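To start, the structure itself, in structure tokens.
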Amino acid sequence: MSGKHSRDSGIETLSGVDGAFLNLETAATPMHVGSLHLFEVPAGYQGNFFAAVRHMMESRMVPVLRRRLATLPLQLANPVWLQGEIDLDHHVRRVRIPKPGTWAQLEAVVADLHAELLDRSRPLWMLYVLEGLASGEKAYYFKIHHAMLDGQAGVALAGALFDTSSDVVPARKRKAQPVASGTKPAAGKPGTPALIAAAFRHDAAQYIKLVRELPGVVRTLAGIVRSSAGRARGKAGTEQAADLGQLRRSVSFGPRTAFNVTITPERGFATAAVPRDELKAIAAANEATVNDVVLALCSGALRRYLQRSGPMPRKSLIASMPISLREQGNTEMRTQATLSLVSLATNVADPVKRLRAIRDSAGATKAVARSAKSVIPTDFPLIGVPWILGALAALYGRSRVVDTLPVLANVLVSNVPGPPVSLYVDGLRMSGYWPLSIVEHGVGLNITLMSYAGRLCLGFVVARCAVPDARQLADDFLDAFEELKQRMQKPARAPRQAAAAQPAAARARPRRPRAAATAK
């Protein structure tokens, strides 16, 4: 849930983090996330995919999808959620891909849909069944406001909607899911006094919580500082002291690039996918994590992209990366994450050395995050603040002040653990599950990854004024993956001639078909 709710009124309050996603939204910076789903179609399939998807949403309508916003007068505080009925004619729609129905055309259609704001007078989600793929495969694009859930909550939502078996359950045997206990549909819209009272109770509780927890927060932060300083003084030159240096480098400003500009509403989107087992093998060989390898591949892709337009920045690019604050077993449908900064070591040419530099930088960042996890808030009071945040967000974009400010992060990178098993709709196996996320003023590129059924599916979302062709970046990522694999397979003492011939052989190989690299 987004916050505490009243069993009697059906009112749910938004957390401070979720409210911020609403208040910071503008026409140029929609704050919804999404996913593109591709389904295999067996020979002789006679089903109606649109009808099957619509019935899936109707029969498994979970409470989070019934939420609609109720605003307070003068935006004194965050809106609240009310449970209501769903008009599926509005929320589930058909979209035709232009002929001949290539994968690139599908990506372009999804990019345009991702650029459109959600209607705040209705529940904040939409589903578009995409028809006309030349391959005959079925697809749909789903989007939902980030105020309603984060990436891991989105995976939980998918688990509630999809089948985990190819067996088709007859429609007459499917039953609509009941509304969760304690979250009942509102019989009628509560009056303004009830909405204000709920919002003020929430914020008053948050003020009390902040006061109570402040001494513990201070002790925790002081302990982190003392621990870091002690390691740096007492073990100079050791791994622990190096961790502190790595952290300092990670939180420094990044260089200005083409990605770091004031953005416009137009979006681009591209997909890619790589086998997760191969990523795990690379990680194990370098005492790294899969996430470290992913960051190294993102770094390699950014190096390739930037080198085509000029020399590489001498300073490393910085990635802003979400860190989940969700406790194990927590399935609440609200945002529970914070952001961290990690050096991408783009100033290191060698891909293996780059991976190890990123491993050290990310490890230092995660160590501090683990120590501070208990004191990072996922909720806070916002009485009187929403209208100020909204005005500042609009002014921030119009003034183009971001073009002159130091660059805190060059790119957003997120890695979301997804379903380990195949999912199905109407007996059709989902063969691809690509995430889409948010770009902001100053950060016109977002790379989000979703693990699904043994593969890592990547969604590249860009502001087209910053990155005119997202497909170039997706291909650069796949090239970086091939380069790192070849380096890991290369013998330790290969003859100089063979080492010199390797890049030429790689360059000479036929260029991969765009659709085959992403949709298979």
Exercise. Which one is modelled with the highest pLDDT among residues in segment 159-184 that are closer than 30 Å to residue 17 by Cβ and out of contact with any strand residue (DSSP E or B) (no Cβ under 8 Å at 6 or more places or on another chain)?
Worked result: 161
For this session: Kindly establish whether residue 406 is modelled with pLDDT under 95, surrounded by fewer than 18 Cβ atoms within 10 Å (Cβ to Cβ) and more than 17 Å from residue 259 (Cβ to Cβ).
Result: no
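Select from segment 330-375 the residues that are at pLDDT 70 or above, among the hydrophobic types (A, V, I, L, M, F, W, C) and either in a strand (DSSP E or B) or in contact with a helix residue (DSSP H, G or I) (Cβ under 7 Å, 6 or more places away or on another chain) (or both) and list them in ascending order.
First pass over segment 330-375, keeping only residues at pLDDT 70 or above: 340-362.
Next, only the ones that are among the hydrophobic types (A, V, I, L, M, F, W, C) stay: 341-342, 344-345, 348-349, 352, 355, 357-358, 362.
341, 342, 344, 345, 348, 352, 355, 358, 362 - these are the residues of segment 330-375 that are at pLDDT 70 or above, among the hydrophobic types (A, V, I, L, M, F, W, C) and either in a strand (DSSP E or B) or in contact with a helix residue (DSSP H, G or I) (Cβ under 7 Å, 6 or more places away or on another chain) (or both).
Which members of segment 33-47 meet the condition of being at negative phi and either outside any loop (DSSP other than H, G, I, E, B) or out of contact with any Asp or Glu (no Cβ under 8 Å at 6 or more places or on another chain) (or both)?
33, 34, 35, 36, 37, 38, 39, 42, 43, 45, 46, listed by residue number.
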For this session: Look through segment 23-38, keep the residues that are in contact with a strand residue (DSSP E or B) (Cβ under 6 Å, 6 or more places away or on another chain) and crowded, with 22+ Cβ neighbours inside 10 Å, and return whichever of them is farthest from residue 442 (Cα to Cα).
Result: 38
Seminar exercise, completed: In segment 18-32, residues that are outside any loop (DSSP other than H, G, I, E, B) and in contact with a Pro (Cβ under 8 Å, 6 or more places away or on another chain) total 3
For this session: Considering each residue of segment 295-329, count those that are modelled with pLDDT under 85 and among the charged types (D, E, K, R), and give that number.
Result: 2
Exercise. Pairs under 8 Å by beta carbon, first residue more than 13 Å from residue 279 (Cα to Cα) in segment 450-476, partner at pLDDT 95 or above and among the acidic types (Asp, Glu), six or more apart or different chains?
Worked result: 463/266; 464/266; 465/266; 470/107; 471/107
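The values are calculated or read from the model by the stated rules, or taken from the named source; none is laboratory data. The structure presented is a predicted model; accordingly, all values stated were derived computationally and were not measured. Glycine also receives a Cβ, built like all others from the backbone with ideal geometry; neighbour counts cover every protein chain displayed.
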